[in-house]
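Data first, discussion second: the structure below is written as structure tokens.
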Amino acid sequence: MPTRILLIEDDERLANLTADYLRKNDFEVSIEVRGDTAEARILAENPELVILDVMLPGKDGFEVCRGIRTQYKGVILMLTARDEDLDQILGLELGADDYLAKPVQPRLLLARIKALLRRAPGIPGGDTGFPAGDSNELSFGNFRISQATRSTHLGSETIDLTTAEFDLLWLLASHAGNILSRDDLLQQLRGIGFDGLDRSIDARISRLRRKLGDDPENPTRIKTVRGKGYLFSKHDWQ
């Protein structure tokens, strides 16, 4: 069966052009033009991927993302205004898996969709897009993460992560004790280099710290190494 995409875009001409292009590349695409009816459709149809524009009538894309993220387990790709870094960071903070600045080149959109779906659980033939290391499961104290089941546990608690959050956490944990730069992380996770401005990794690190109970003011589990990058600690998991 073709992968299902729900495109939420209020510019109907643009939405139809985008949908036609994706359908020619073997995706099943539905269109929603309003934000205030988007949440119900996402949860009812449960598509593998949602393309979510920020500027929507009735309810903006941020509100939609916030409203569905705890219930919807698929991939969310947000479309943000060009050069609006705050929009991009807010979208990631609310649980979007990735973002693209509008206007979007169709080939770039297609490439990003395919990259996201390859990492998403339940997609046939999917992979993480980066080396798995020596094991499909890692543990540090009372923290456990499994690549095979894409699950994360802290003690008896299951940590609910988005696809992008899991990929970042697995990459950090599989290199525990080593510093990974933003460039390293972006190259592995998104296939792009760090341009000095992209804050997507920082936003996801912030979400991971909150979910893992790490002190945001003095983190010990995912440490910031100033001027170098991030380090996943092998300790501090009791």
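Using only Cα atoms and rounding to the nearest 10 degrees, what angle (0 to 90) does helix 200-211 make with the longest principal axis of the chain?
Computed tilt is about 60 degrees.
I need the calculated FRET efficiency for the pair Ala176 and Asn16, taking r as the beta carbon distance and R₀ as 41 Å, to the nearest 0.05.
Efficiency at R0 = 41 Å is approximately 0.30.
So if I restrict to the alpha-carbon atoms in the chain, what is the Rg, and what is Dmax, the biggest pairwise distance, in Å?
Here Rg and the maximum Cα pair distance are 17.8, 54 Å.
Working from Cα positions, state the angle (0 to 90°, nearest 10) between the long axis of helix 106-119 and the longest principal axis of the chain.
40
Tally up the carbon and sulfur contribution to the accessible surface of the chain as a whole percent, 1.4 Å probe, everything protein left in place.
Roughly 48 percent of what the probe reaches on the chain is carbon or sulfur.
Working out 0.36 nm times the residue gap between Met1 and Lys59, then minus their Cα-Cα distance, what length gain in nm do you get to one decimal?
17.7 nm
In debye, nearest 20: dipole of the chain around its Cα centre with unit charges on the Cβ of K, R (+) and D, E (-)?
Dipole magnitude for the chain comes out near 560 debye.
In terms of solvent-accessible area of protein heavy atoms at a 1.4 angstrom probe, what is the ranking of Arg69, Arg199, highest value first? Don't skip to the end; give the middle numbers.
Numbers: Arg69 20, Arg199 80 Å².
Descending order: Arg199, Arg69.
Please list Met1, Met55 from largest to smallest accessible area, probe radius 1.4 Å, with all protein chains kept in place. Provide the component values of the computation, followed by the final result.
Numbers: Met1 210, Met55 140 Å².
Largest accessible area first, the residues go Met1, Met55.
Which parts of segment 1-18 would a label at Lys24 reach, counting a residue when its backbone N lies under 12 Å from a point 7 Å out along Cα-to-Cβ?
Counting backbone N atoms under 12 Å from the label point, the list is 17-18.
The values are calculated or read from the model by the stated rules, or taken from the named source; none is laboratory data. Model, not experiment: these values are computed from the prediction. Don't worry about glycine lacking a Cβ; one is built from the backbone with ideal geometry, like all the others, and counts go over all protein chains shown. When the accessible area is computed, the model is the full protein with side chains, heavy atoms only, and any ligands, DNA or RNA have been set aside. Shrake-Rupley method; radii C 1.70, N 1.55, O 1.52, S 1.80 Å.
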